[in-house]
1. Looking at the structure I just gave you, is Ala66 in a strand (DSSP E or B), open to solvent by less than 70 Å² (accessible area, probe 1.4 Å) and more than 24 Å from Ser138 (Cβ to Cβ)?
2. What tally of residues in region 104-118 results from selecting those that are surrounded by fewer than 13 Cβ atoms within 10 Å (Cβ to Cβ) and modelled with pLDDT under 95?
3. Taking the stated definitions as given, is Pro101 at pLDDT below 95 and either of a type in the set (Asp, Glu) or open to solvent by 30 Å² or more (accessible area, probe 1.4 Å) (or both)?
4. Filtering region 148-163 down to residues that are in contact with a Phe, Trp or Tyr (Cβ under 6 Å, 6 or more places away or on another chain) and modelled with pLDDT under 95, which residue is nearest to Val83 (Cα to Cα)?
5. Does Ala128 fit the bill of being small (Gly, Ala, Ser) and touching a strand residue (DSSP E or B) at 6+ places or on another chain (Cβ under 7 Å)?
6. Go through the residues of region 102-123 one by one and say whether even a single one is within 16 Å of Gly68 (Cβ to Cβ) and over 14 Å from the mean Cα position of the chain (by Cα).
7. Listed residues Val114, Val135; which is under 22 Å from Phe81 (Cβ atoms) and β-branched (Val, Ile, Thr)?
8. Could you pull out the residue among Gln166, Gln104, Gln150 that is farther than 19 Å from Ser56 by Cβ and among the polar types (S, T, N, Q)?
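The values are calculated or read from the model by the stated rules, or taken from the named source; none is laboratory data. All of these numbers come straight from a predicted model, not from anything done at the bench. Please note: Cβ atoms are built from the backbone with ideal geometry, for glycine as well, and neighbour counts cover all protein chains shown. Side chains are part of the model used for accessible areas, which takes the heavy atoms of the whole protein and leaves out ligands, DNA and RNA. Shrake-Rupley method; radii C 1.70, N 1.55, O 1.52, S 1.80 Å.
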Amino acid sequence: MSLRMKLQVLTAAAAAVCATVGAAAPSGAAAEPTADFTANVNGKVVDGKVVTGTLSGKPLEEFTMAVGYYANGRWSQTGPFSVTIAVPWGFTLKQPTFSNPAQQCNVAPGGRQVTCYYAGFSRLGEGAGSIFVPVEVSSDALPGVTVEGQVAVVYAADNNPTNNTQNFKINVV
């Protein structure tokens, strides 16, 4: 975790504690309400439906990964947040599509990471969505190998940042 991210987490935690006990939030604390964000890989899209389980792909094949995110908590709105998906060498992520449109989505050079930015939600019930990410398997990917990727959501006022990152597996078949 980067120093900047640790500072964001600590500042958000301090703001949440102060809000709980009725004290003023420290200077520089996140102004948006707290919520608990989570993200995970829901499965692979096959014939327009999400099939749960371990992801798999063949060299030179492209498949679509379904990534879900959800905000829950006691507050009525959330502030800006981002969802980042990363894969190891041998896989390339392409421009995703969404169930809730992102403000901006960037595929990093080399295609091994994609980050989608959202403005937030006005009600927590709106805080769920999916990102559908095409994944291309390189011709160099070795069949029989299982690799690990990662999905993470970043929200400055998250009251439980320990559940914001999930590793997932991709089997090369």
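1. Details: in a strand (DSSP E or B): yes; open to solvent by less than 70 Å² (accessible area, probe 1.4 Å): yes; more than 24 Å from Ser138 (Cβ to Cβ): no.
Considered against the rule, which asks whether it is in a strand (DSSP E or B), open to solvent by less than 70 Å² (accessible area, probe 1.4 Å) and more than 24 Å from Ser138 (Cβ to Cβ), Ala66 comes out as no.
2. Taking region 104-118 and keeping what is surrounded by fewer than 13 Cβ atoms within 10 Å (Cβ to Cβ), we get 104, 108-110.
Now narrow it down to the ones that are modelled with pLDDT under 95: 104.
Looking only at that region, the number is 1.
3. On the way: at pLDDT below 95: yes; either of a type in the set (Asp, Glu) or open to solvent by 30 Å² or more (accessible area, probe 1.4 Å) (or both): yes.
So Pro101 fits the description; yes.
4. Step one: list which residues in region 148-163 are in contact with a Phe, Trp or Tyr (Cβ under 6 Å, 6 or more places away or on another chain), which gives 149, 153, 155, 158.
Subset that is modelled with pLDDT under 95: 153, 155, 158.
Working: Val153: 4, Tyr155: 9, Asp158: 13 Å.
Looking at residues that are in contact with a Phe, Trp or Tyr (Cβ under 6 Å, 6 or more places away or on another chain) and modelled with pLDDT under 95, I get Val153.
5. Details: small (Gly, Ala, Ser): yes; touching a strand residue (DSSP E or B) at 6+ places or on another chain (Cβ under 7 Å): yes.
Considered against the rule, which asks whether it is small (Gly, Ala, Ser) and touching a strand residue (DSSP E or B) at 6+ places or on another chain (Cβ under 7 Å), Ala128 comes out as yes.
6. yes
7. Details: Val135 fails: under 22 Å from Phe81 (Cβ atoms).
Being under 22 Å from Phe81 (Cβ atoms) and β-branched (Val, Ile, Thr) holds for just one of Val114, Val135, which is Val114.
8. On the way: Gln166 fails: farther than 19 Å from Ser56 by Cβ; Gln150 fails: farther than 19 Å from Ser56 by Cβ.
Checking each option against the conditions leaves just Gln104.
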